[in-house]
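Undergrad: To start, I am sharing the structure in question, which I have written as structure tokens.
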Amino acid sequence: MVRIGNTRFGREHWQGRVEFARHRHSDAYAALVLSGGYEECGCFGRVRVGPGDVVLHTRFDAHLDRFGAARTEILNLPLPHIVPVARLAWLSDPDAIVRLGEQDLRAAARRLLCELMARAVAISDWPDRLAHDLSSPEFPGLTRWARQNGLAPETVTRGFVRSFGITPSHFRLERRSHEALARITESALPLAQIALECGFADQPHMTRAISALTGAPPSVWRRQTGSRHHVRGR
């Protein structure tokens, strides 16, 4: 294993029926499942994966993992900071990636990105549906959503926390923060406009959320990408 920041790259093994509490990675990476399987509940939803599946993680992604009965082996590969839109994918020939990874992890990651095939994320129960709906700008609010789905609001909150390790409101804030961070680093849009379009009350609200997510305010991330964008109104 090779450690970069707080992420370990290379092969890792997990015994069956283990739950790894919610944690955050500072680096973008791909997790290629080689054997076994697990459930991952993160800020982009819940996925259930097995051999050949790939889970793509952005920088500062946070999630918890629940491993199945079988021993699980995963190959973690470093990714560039900009991750493809698909969060879940699969490979027809994972063995080729494994062989290349034994020599060069970054070369294996580049090949993996070229060979990925997107896989749909299944929505199997109401926590999955709520995670999906929380990402929508038209989300009606937790109380109304619960009533529309025949549930009590307090039941929804408790059940969502059991599944994802955070409250629905925290989940929604993290999704907004990730979307804002992507726009800050990948576009020249004014910060106030990004805050408005991502659903924050105002720019200071976004600044607090980005600082909590990354440890640095939006101005720092914008300066780091200033060479790529001519930015006005920082």
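Undergrad: Which translational diffusion coefficient, to the nearest whole µm²/s, is obtained for the range 126-224 from the Stokes-Einstein equation, given a Kirkwood hydrodynamic radius over C-alpha pairs, 4 °C and 1.567 mPa s? Write out the running numbers ahead of the final one.
TA: Numbers: Rh = 14.4 Å.
Rounded, D is 90 µm²/s.
Undergrad: Provide, for q = 0.13, 0.24 Å⁻¹, the log10 of I(q)/I(0) from a solvent-free Debye sum over equal Cα point scatterers in the range 33-125.
TA: The Cα Debye sum returns log10 ratios of -0.42, -1.45.
Undergrad: For the range 10-70, what D do you get in µm² per second when you plug the Kirkwood radius from alpha-carbon pairs into Stokes-Einstein at 10 °C and 1.306 mPa s?
TA: On the way: Rh = 11.8 Å.
D, rounded to a whole number, is 135 µm²/s.
Undergrad: If I model a spin label at residue 70 and residue 192 as a point 7 Å from the Cα along the Cα→Cβ vector, what separation in nanometres do I get?
TA: 5.6
Undergrad: Still on this structure, I have one more. If neighbour count is taken as other Cβ atoms inside 10 Å, put 92, 163 in order from fewest to most. Spell out each step's value before the answer.
TA: Details: 92 8, 163 19.
Ascending number of Cβ neighbours within 10 Å: 92, 163.
Undergrad: Is there a quick way to get the dipole size of the chain? I mean about its Cα centre, with the Cβ of Lys and Arg at +1 and of Asp and Glu at -1; what is the value in debye to the nearest 20?
TA: Details: 32 positive and 24 negative charges, 124 e Å.
Value, rounded to 20: 600 debye.
Undergrad: Hey, got the dipole for the range 107-229? About the Cα centre, +1 on K and R Cβ, -1 on D and E Cβ, debye to the nearest 20? Intermediate results must be reported in sequence, preceding the final value.
TA: Details: 16 positive and 11 negative charges, 57 e Å.
Roughly 280 debye, rounded to the nearest 20.
Undergrad: What's the extension gain from residue 135 to residue 98 if we count 0.36 nm per residue and subtract their Cα-Cα distance? List each step's numbers first, then the result.
TA: Values: separation 37, 0.36 × 37 = 13.32 nm, distance 3.42 nm.
Answer, rounded to one decimal: 9.9 nm.
Undergrad: Further, regarding this structure: With viscosity set to 1.306 mPa s and temperature to 10 °C, compute the Stokes-Einstein D of the chain, Rh being the Kirkwood radius across alpha carbon pairs; µm²/s, no decimals.
TA: Details: Rh = 18.9 Å.
Using the Kirkwood radius from Cα pairs, D works out to 84 µm²/s.
Quick note: the coordinates plus some simple rules give every number you see, no bench work behind them. Since we're looking at a predicted model, the values are computed, not measured. We place every Cβ from the backbone using ideal geometry, glycine too, and count neighbours over all the protein chains shown.
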